[in-house]
Each structure stands twice: as C-alpha cells, then as structure tokens.
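For reference, the structure is listed below as structure tokens.
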Amino acid sequence: MNAVYERLEKSLESIREKTDFVPRLALILGSGLGGFADEIRVVQTVDYGEIEGFPVSTVPGHKGRFLFGYVDHVPAVVMQGRVHYYEGYSMEQVVLPVRLMKLLGAEVLFLTNAAGGVNYEFHPGDFMLIKDQIASFVPSPLIDPNVEELGPRFCDMSQVYDADLRDIIRKTAEDLQIPLQEGVYLQLTGPAYETPAEVRMVRTLGADAVGMSTACEAVAANHMGMKICGISCISNLACGMTEQPLSHQEVQETADRVGPLFQKLVKESIIRIGEIFDE
Ligand code: HPA
C-alpha cells in the first residue's frame, strides 16, 4: 500500500477510537474566525495532539482541534486551527487534515481564511467568495507517487470551486444583505507578508486576494473529488496599498470585528448547502 495512505489510515484509526461521527461537510476556520465554534452543537472534540501523525498548529489564535457536531441539522467536522506550510511541515502533513475529513465522510469542503485584498475595489472587512485560485507558488500536495486510493494522477482543475455551491453562497449573502465580493485567491508560502512589488505581481497575475493557506487544501480536496467552496475575509489591504505597515494584530482585529457577520454568512450557507444532502 502507498506509504502516505498507510499513514492516513493510522491517523484515521486514532480518530475513530474517539468518535464514530460521520460528517457530511468539512469546514476549515481561518485566522480569527474560531468563534464559529459557538454555532455548532458539538458532539465530540478531538485535539490534534491526540491524533497519531497529526501536525500540531503553532500559530497564536489557532486552537488546534476537530469539532464534530451539527451546524443546525448538518453533520459537520470543523477544523478549529489549520496547518500552514510556513510552519515547516511538508505538504503531505499540511493536507493530511483535509484528507482525513474526506475519509471520515465529508463530501463538501468549506474553506475560510483571512486574506490581504489586492483588488483596489476591496476594503478591509469585506468578504470574498473564492471563484478560482492560483496555487503555483507553493509545492503541489500531489507531488510524489500518486495515492491511487484517493484520486487520479492527473486531475482536472477546471472547476475547483463548485458553481452550485457558489450560487448558494451568493444567494445566501444576498438574502442576508451581506455584501459579497468575488475573486481569485492566490497562495504564497509566507510567513512574511508581501512586499509592495510582490503585491503588484500578484495583481498582475489576476488575483484579487493573497494569503498563506487554502489553495493547497483545495488541490488535495479536488484530487479526492470533494465539492469545494470558500470565502476569504479581507482583513487588510495588501502591503503597499496603504500608508501603514501590516501586522498580524491588524489581521486579527479586523477578523474579530467582522467575525459575527462572517459566522452568520457561513452558518446560513451551510444550512442551505445541507439541503442538497436531503435531496
Ligand atoms: N498577505 C498574506 N496573507 C494574509 C494577509 C496578507 O496581506 N492578510 C491576511 N493573511
């Protein structure tokens, strides 16, 4: 058996020793968005540290556990704290949680993050529905012998962010009267923020927001045939677009400020996505 898959099975076993919960949707909470945990009727929590082979997040504000439970009536697994490439983990480790959530039963992956706005029409505190991504600046998590148990060697990437899910989120935002931008997310490795020249490069390449996560997770999820959607919380305008230097504190403060509205949008979107499962 493929060595990556063997390691996945070991991690899966240590979760299954703690819970037999079968989620249909997987949600990853980005920086400052951990408050969403309050929206979940939690059945079981599993700390990352309890899972064999699991990389443990080192970023302040990232808690590091899976929550199993219900968002309204939708059975979900929620990652409170994600694993970043800049922490020094291999891409295999970075996408291990996404792969696990699929193997636990999740068919839909809902990605969230805090990101820098690169599009001049964006403002700090805006939400951006991710319509496509650029992952070319980080190594692909699919490099290495293909894990046949998970998906094909060469996978199609023509619609990473599912059009039906995007329609649902757009309609939800409209009904809740929450303004929603739409755009392309580009992942860089971080952990330093970009220089103004890099931000110009990112904009020239066609991206609207820049961050240090998400795209690699979407690559791994797409490989496994998950339906994917994502929303970025534009926590700041990227470097060089304003006078002040950028800090993690600013990112965190904006995410905290708009957190409740973001949670409302994510929760209602999940409830409506859940209706697909009932069809
Ligand atoms: N750049 C990269 N990642 C980020 C930013 C940014 O400006 N804001 C939040 N995450």
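Considering every residue within the range 157-172, establish whether at least one is within 12 Å of the ligand (Cβ to nearest atom) and among the small types (Gly, Ala, Ser). No - not one qualifying residue is present in the range 157-172.
So, GLU217, is that one in a loop (DSSP other than H, G, I, E, B) and more than 9 Å from the ligand (Cβ to nearest atom) or not?
On the way: in a loop (DSSP other than H, G, I, E, B): no; more than 9 Å from the ligand (Cβ to nearest atom): yes.
Answer is no for this residue.
Matching residues to (1) away from the ligand (no atom under 16 Å from the Cβ); (2) open to solvent by less than 40 Å² (accessible area, probe 1.4 Å); (3) in contact with a Leu (Cβ under 7 Å, 6 or more places away or on another chain):
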position: ALA26; (1), (2), (3): yes, yes, yes
position: GLY30; (1), (2), (3): no, yes, no
position: LEU33; (1), (2), (3): no, yes, no
position: ILE40; (1), (2), (3): yes, yes, yes
position: VAL43; (1), (2), (3): yes, no, no
position: TYR48; (1), (2), (3): yes, yes, no
position: TYR70; (1), (2), (3): yes, no, no
position: LYS102; (1), (2), (3): yes, no, no
position: ASN113; (1), (2), (3): no, yes, no
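Within the bounds of the range 196-211, is there any residue that is part of a loop (DSSP other than H, G, I, E, B) and hydroxyl-bearing (Ser, Thr, Tyr)? Scanning the range 196-211, I find no residue that is part of a loop (DSSP other than H, G, I, E, B) and hydroxyl-bearing (Ser, Thr, Tyr), so the answer is no.
In the range 1-47, which residues are among the basic types (Lys, Arg) and either in contact with a His (Cβ under 9 Å, 6 or more places away or on another chain) or not in a loop (DSSP other than H, G, I, E, B) (or both)? Listed by number, the residues that qualify are ARG7, LYS10, ARG16, ARG41.
Here is a check on your reading of the model: is GLU217 modelled with pLDDT of 95 or more and open to solvent by 70 Å² or more (accessible area, probe 1.4 Å)? No.
Part of a loop (DSSP other than H, G, I, E, B), open to solvent by 30 Å² or more (accessible area, probe 1.4 Å) and either small (Gly, Ala, Ser) or within 11 Å of the ligand (Cβ to nearest atom) (or both), is that true of PRO179? Can you show your working first?
Values: part of a loop (DSSP other than H, G, I, E, B): yes; open to solvent by 30 Å² or more (accessible area, probe 1.4 Å): yes; either small (Gly, Ala, Ser) or within 11 Å of the ligand (Cβ to nearest atom) (or both): no.
For PRO179, the condition - part of a loop (DSSP other than H, G, I, E, B), open to solvent by 30 Å² or more (accessible area, probe 1.4 Å) and either small (Gly, Ala, Ser) or within 11 Å of the ligand (Cβ to nearest atom) (or both) - is not met.
Residues of the range 182-196 include at least one that is open to solvent by 40 Å² or more (accessible area, probe 1.4 Å) and polar (S, T, N, Q).
Can you tell me which residue within the range 220-245, out of those that are among the small types (Gly, Ala, Ser) and not in a helix (DSSP H, G or I), is farthest from the ligand (Cβ to nearest atom)? If you could, list the steps in order and put the result at the bottom.
Applying the first criterion (among the small types (Gly, Ala, Ser)) to the range 220-245 yields 220-221, 225, 230, 232, 235, 238, 240.
With not in a helix (DSSP H, G or I) added as a condition, the list becomes 225, 230, 232, 235, 238, 240.
Numbers: GLY225: 28, GLY230: 14, SER232: 9, SER235: 5, ALA238: 4, GLY240: 10 Å.
Only one residue tops the list, namely GLY225.
The set of residues in the range 171-214 that are within 19 Å of TYR120 (Cβ to Cβ) and of a type in the set (Val, Ile, Thr) comprises VAL184, THR195, VAL199, VAL202, THR204, VAL210.
Out of all the residues in the range 204-212, is one or more among the small types (Gly, Ala, Ser), out of contact with any strand residue (DSSP E or B) (no Cβ under 9 Å at 6 or more places or on another chain) and surrounded by fewer than 17 Cβ atoms within 10 Å (Cβ to Cβ)? Break it down stepwise before answering.
Of the range 204-212, the ones among the small types (Gly, Ala, Ser) are 206-207, 209, 211.
Add one more test, that the residue is out of contact with any strand residue (DSSP E or B) (no Cβ under 9 Å at 6 or more places or on another chain), and what stays is none.
No; the residues of the range 204-212 include none that is among the small types (Gly, Ala, Ser), out of contact with any strand residue (DSSP E or B) (no Cβ under 9 Å at 6 or more places or on another chain) and surrounded by fewer than 17 Cβ atoms within 10 Å (Cβ to Cβ).
To keep it simple, each residue is scored yes or no on (1) charged (D, E, K, R); (2) free of Cβ contacts under 8 Å to residues at least 40 places away in the same chain; (3) touching an Asp or Glu at 6+ places or on another chain (Cβ under 6 Å); (4) under 20 Å from SER136 (Cα atoms).
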site: GLU217; (1), (2), (3), (4): yes, no, no, yes
site: HIS223; (1), (2), (3), (4): no, no, no, yes
site: GLY230; (1), (2), (3), (4): no, no, no, yes
site: ILE234; (1), (2), (3), (4): no, no, yes, no
site: LEU237; (1), (2), (3), (4): no, no, no, no
site: MET241; (1), (2), (3), (4): no, no, no, no
site: LEU246; (1), (2), (3), (4): no, no, no, no
site: GLN252; (1), (2), (3), (4): no, no, no, no
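Please find, within the range 182-198, the residue that is farthest from the ligand (Cβ to nearest atom) out of those that are closer than 17 Å to GLN133 by Cβ and in contact with a Cys (Cβ under 7 Å, 6 or more places away or on another chain). So the residue we want is GLN187. GLY88 - would you say it is surrounded by fewer than 15 Cβ atoms within 10 Å (Cβ to Cβ), more than 15 Å from the chain's Cα centre (by Cα) and under 20 Å from TYR193 (Cβ atoms)? Here the answer is yes, as GLY88 does meet what is asked.
What do you reckon, is TYR185 assigned to a strand (DSSP E or B) and at negative phi?
Yes, satisfied.
The values are calculated or read from the model by the stated rules, or taken from the named source; none is laboratory data. Treat the numbers as computed from the prediction; the structure is a model and nothing was measured. Ideal geometry is used to build each Cβ from the backbone, glycine not excepted, and the neighbour counts take in all protein chains shown. For accessibility, only protein heavy atoms count, side chains too; no ligands or nucleic acids. Shrake-Rupley method; radii C 1.70, N 1.55, O 1.52, S 1.80 Å.
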